[in-house]
Amino acid sequence: TKEGQIVDPEGNKLLDAFQQPITVDLKTYKQIMVTQEGEILTTSSEGVSESLGFIKVTEFDDLNKLEKVGNSFYRNAGGAKELLPHQANSKIEQGFIELSNVNVVSEMVQMIDATRGYEAMQKVIQSIDSSTGKIISDIGRPV
């Protein structure tokens, strides 16, 4: 932002470990680096390095207790316990984009397979229904 706060594409502010927006003076610092632990390191044009703090990273013991809120946010709605930093497995990678955790081609093949199975069972049910209808109408007819 104009104030030097780090935001995502939707304008949500990146928070530090104390839930405060992280601010970087872009006129003073020429390089910003984020470590895997979430520490924000800066280097000034004079070559002086400084730590601006740590990015707030939260990990929970049971992800099923989280409730989706909006596009990419979750709320602890079911009482999941927040793990302590030394218990968490999360790490931050600077300059990477997180990919989907699904293989699109594989999921499409499985979806097509499920659809074909559904259609086959639907035809079986229609055939049984037709046979049952014929039997009922034939039983009621005098010989």
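One table, with the values for the structure above:
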read-out	value
Identity of the residue in the range 27-66, loosely packed, with under 11 Cβ neighbours inside 10 Å and within 14 Å of the chain's Cα centre (by Cα), that ends up nearest to Lys91 (Cα to Cα)	Leu63
Residues of the range 108-127 that turn out to be open to solvent by 100 Å² or more (accessible area, probe 1.4 Å) and not aromatic (Phe, Trp, Tyr), as a count	8
Qualifying residue in the range 84-91 (condition: on the phi < 0 side of the Ramachandran plot, open to solvent by less than 100 Å² (accessible area, probe 1.4 Å) and either in contact with a strand residue (DSSP E or B) (Cβ under 7 Å, 6 or more places away or on another chain) or among the aromatic types (Phe, Trp, Tyr) (or both))	no
Selection within the range 1-11 - open to solvent by 60 Å² or more (accessible area, probe 1.4 Å) and under 26 Å from the mean Cα position of the chain (by Cα)	Thr1, Pro9, Glu10
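The values are calculated or read from the model by the stated rules, or taken from the named source; none is laboratory data. All values reported here derive from a predicted model rather than from experimental measurement. We place every Cβ from the backbone using ideal geometry, glycine too, and count neighbours over all the protein chains shown. Side chains included, ligands, DNA and RNA excluded: accessible areas come from the protein's heavy atoms. Shrake-Rupley method; radii C 1.70, N 1.55, O 1.52, S 1.80 Å.
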